[in-house]
Amino acid sequence: MPIPPLYGHEGIRHRLAGAIASGRLPQALLFEGPPGVGKQRLALWLAQALVCEKAADKARSKAGEGCGECQHCKLVLSLSHPDVHWFVPLELSKKGGDADKHVELVEEALGEEMAARRQQPRYEPPSGLASHGIAAVRLLLRRLVLTPAMSRRKVFVIGDAERLVPQTGADAAANALLKALEEPPADTVFVLTTAAPDALLPTILSRVVRVRVAGLADSVVAAFAQQELGVTRQRELAQQVALADGRIGRLLADGDSRVRGAEAADRFLAAVEAGPVRRYGSALGLQPFQARGGFTDMLDGLLERLREQARAGGETERVVAAIARVLEARGLAQGNVNPQLVAAVLADDLAEPA
């Protein structure tokens, strides 16, 4: 199943197409904007324009844009082009032994994720534990040195690039990426996307050309809801447009679980600050069967709250340490550990002064 058409962002598309046509497109770009605004879809649109067979032929296609009809364009739209590499944050269900085995696991998981998106291209945001680890960057570097299989170029899209930091081993992952961004091969273009540019290493920001991707007009969101989601009733359409707030991705996410997770995270943090009795009472109130449901939603909500604090720049060392503890707790929650015990230990950890 091909991915849905790109809606909106005409101004950015016009500038990017002009840069391609004139040969002035930077080799490392960063698309930054609110979550769900379409940054990764825009990056894939750019990848399609870069590998399109007809893009350079002004008589057969708009200058600098993909035609949507050639084999290259069709492969990009079906997420199958061998020279377009889309890296997304992953939450590995298996653990590797040595470094090579870990890279193989990441490649397998990435392949499975792309296969899932081919079946259902309207994907939801990554889980709170998903990240770009050092193994993913090693995989990227392996692919970077390969000669393009079909096209004249290779395109690497790194979605949610803020997930490079702060994660265990992520400093190494981000640093390993620096050299590639600074001196990419002549046949390669990097497109990073992020909703939190301040969470990226300054050394990465200094190596990319930043492109601001703003929210969409309500008319664009309405057109997407009507044409892609089949929303026809005016009242429902108005509700969907209001919910989206200029971000099509918000129409596709499991909003209920994210809202519940955020609310549970706020209650948990309030209990942490209220003292031992409230902390332990909150932990004991969790039910064991919630380990893969409400509890992980709550931990994802905690991660989002902590990342917001990190972006605000307050007490960075303490926030990074707290994020590491929540990530550890979420990893335990994926196993058979009692969530009450995990929550009690986490509450104590978060209550401790840095």
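Where a number appears in this text, it was derived from the coordinates with a stated rule and is not lab data. Computed from a predicted structure; not experimentally measured. Every residue, glycine as well, gets a Cβ built from its backbone with ideal geometry; the counts of neighbours run over all protein chains shown.
Each part gets one Cα centre, and for segment 1-47 versus segment 65-124 those centres are 19 Å apart.
Listed from fewest to most Cβ neighbours within 10 Å, the set 53, 65 follows the order 53, 65. The C-alpha atoms of the chain define a longest principal axis, and helix 10-22 lies at about 50 degrees to it. Here the residues 142, 307, 318, ranked from fewest to most Cβ neighbours within 10 Å of their Cβ, fall in the order 142, 318, 307.
Taking every DSSP helix (H) stretch of at least 4 residues in the chain, weighting each as -39,500 (n - 2.57) and dividing the sum by the residue count yields a mean residue ellipticity at 222 nm of -16500 deg cm²/dmol. Between the entries [x] 73, 54, 34; [y] 60, 41, 38; [z] 65, 60, 47, the label attached to Cα extents along the principal axes in Å calculated for this structure is [x]. Where Lys and Arg each count +1 and Asp and Glu each count -1, what net charge lies around residue 45 among other residues with Cβ under 11 Å from its Cβ? Taking every other residue near residue 45 into account, the sum is +2. Stretched out straight at 0.36 nm per residue, the stretch from residue 182 to residue 328 would grow longer than its current Cα-Cα span by 49.3 nm. For segment 10-162, the residue among 55, 137, 79 whose Cα projects farthest onto the positive side of the dipole built from Cβ charges is 55. Taking a straight Cα-Cα cut-off under 16 Å and skipping sequence neighbours fewer than 8 places away in the same chain, the aspartates and glutamates within cross-link reach of residue 39 are 10, 124, 160, 162, 245. Would you mind counting up the charge near residue 2? Only other residues with Cβ under 15 Å from its Cβ, with Lys and Arg at +1 and Asp and Glu at -1. Result for the local shell: +3.
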